[in-house]
1. Are any of the residues in segment 162-182 within 30 Å of residue 20 (Cα to Cα), touching a helix residue (DSSP H, G or I) at 6+ places or on another chain (Cβ under 8 Å) and surrounded by fewer than 18 Cβ atoms within 10 Å (Cβ to Cβ)?
2. Against the definition (over 14 Å from the mean Cα position of the chain (by Cα) and crowded, with 24+ Cβ neighbours inside 10 Å), how does residue 82 come out, yes or no?
3. Evaluate the following for residue 110: is it within 16 Å of the chain's Cα centre (by Cα), outside any loop (DSSP other than H, G, I, E, B) and in contact (Cβ under 8 Å) with a residue 12 or more places away in the chain?
4. Mind listing whichever residues of segment 113-140 are surrounded by 18 or more Cβ atoms within 10 Å (Cβ to Cβ) and over 16 Å from the mean Cα position of the chain (by Cα)?
5. One residue is enough: does segment 198-217 have a residue meeting the conditions surrounded by fewer than 18 Cβ atoms within 10 Å (Cβ to Cβ), farther than 30 Å from residue 103 by Cβ and either touching a residue at least 24 places away in the same chain (Cβ under 8 Å) or out of contact with any helix residue (DSSP H, G or I) (no Cβ under 9 Å at 6 or more places or on another chain) (or both)?
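Where a number appears in this text, it was derived from the coordinates with a stated rule and is not lab data. Here the structure is a predicted model, which means the values were calculated and not measured. Don't worry about glycine lacking a Cβ; one is built from the backbone with ideal geometry, like all the others, and counts go over all protein chains shown.
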């Protein structure tokens, strides 16, 4: 589920943008470890398919590049922290789930297990950030982008596997539709208040998309999941858009 972006424009001139050598180095090291994870999981899902491995690694590379860009815009600590390493691990798992799009998985339950692991780690990074004292705009934005990517990738897998038709994209694309709309409507870029309901809908969205990966899922149940989650997303995004409209400059 994609949570609406509450901060689309980080300030590059922030004083926290100085002294990033340590965090950048740590991100590079964690990213290399994540690359091994992407390769191994992609290989496990599709066996020996070069296009699938390329898709998974390419998606991971794109996500890591985005993380570096976000990090350069400001980070207030001297070390990256394990909290962001967990988010990077979730990125690696999400990227590996791109592999079956190029080559059908030969172990259907494995895809479900990888997706469930990625969801189980959601929240761990935030808990670690608070425990380590490394809460940051970078960490929040990075976590949100990984959630959004995971949702879209799972929706694409459900469609590609024939579990659901293109209707499933309704619950994989909302965040990206929101971002696209913000390009023409600057008032959508304002910071949003933190709301539990938004987070709950996000978790429900990804949990439902993981459920759609189950082999043999009845089509009626799948459709009910999509319709229910789509309604919840419409409510969540609609409430945020209404708030932003009322508080537009």
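1. yes
2. So residue 82 does not fit the description; no.
3. For residue 110, the condition - within 16 Å of the chain's Cα centre (by Cα), outside any loop (DSSP other than H, G, I, E, B) and in contact (Cβ under 8 Å) with a residue 12 or more places away in the chain - is not met.
4. Those that are surrounded by 18 or more Cβ atoms within 10 Å (Cβ to Cβ) and over 16 Å from the mean Cα position of the chain (by Cα): 128, 129, 134, 136.
5. yes
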